[in-house]
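The structure appears below as structure tokens.
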Amino acid sequence: MDEPFFRPYDRIAVGETASLEVTLSEAEVNAFSALIGDTGSFHVSDEAAARTVFERRICHGVHLLAYVSVLIGKKLPGFGTIYCSHEFEFHRPVYLGQAVTVTARVLEKLSHHRLRLETVILREDGERVLTGQAVVKTYR
């Protein structure tokens, strides 16, 4: 097994970015819904979704947010990073089958190996889905 990717705190620069592209398939949304026990909502039912402002199925917001955690844990800073806090705002939905780009940018290096990150999720059409700021801590 390969060593997991990790960037030590002293090698991370303010302004550094990392990104991840994901396409939210019906199978993934259904699996996430089953995992959290949300089996009867407009996320999994076309009929229920037709009665909402969205008119069709959308991905769970927290499902999208999980990809921010994946990005932090795999790319910036990487393995062993602790997610301390996150303030965020949702702007637009992501419909099944849409691709998104998840990006994190280092805004500030804080004490005790912590970093303040700007977090952004954009749909494939360039529209903002989520914006926010997270604080994470590296283990070295």
**Item:** DSSP-assigned coil residues among trypsin sites (Lys or Arg not before Pro) in the stretch 1-84, each with at most 11 further Cβ atoms within 10 Å
**Value:** Arg51
**Complete:** Taking Cα atoms only, helix 26-36 is inclined relative to the longest principal axis of the chain by an angle, in degrees rounded to 10, of 80
**Message:** Quick check on the chain: what does the Kirkwood estimate of hydrodynamic radius come out to from the alpha carbon pairs, in Å?
**Reply:** 16.0
**Asked** Which whole-number percent is the relative contact order of the chain (Cα, under 8 Å, 6+ apart)?
**Response** 29
**Asked** By count of other Cβ within 10 Å, fewest leading, how are Leu64, Leu107 ordered?
**Response** Leu107, Leu64
**Asked** Got a sec? How would Ser45, Ser111 order by Cβ neighbour count within 10 Å, fewest to most?
**Response** Ser111, Ser45
**Asked** Helix 61-74 sits at what angle to the longest principal axis of the chain, using alpha carbons and giving 0 to 90 degrees rounded to 10?
**Response** 30
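No lab work stands behind these numbers, since they all come straight from the coordinates. Computed from a predicted model, the values in this text were never measured in an experiment. Using ideal geometry, Cβ is built from the backbone for each residue, glycine included, and neighbour counts are taken over all protein chains shown.
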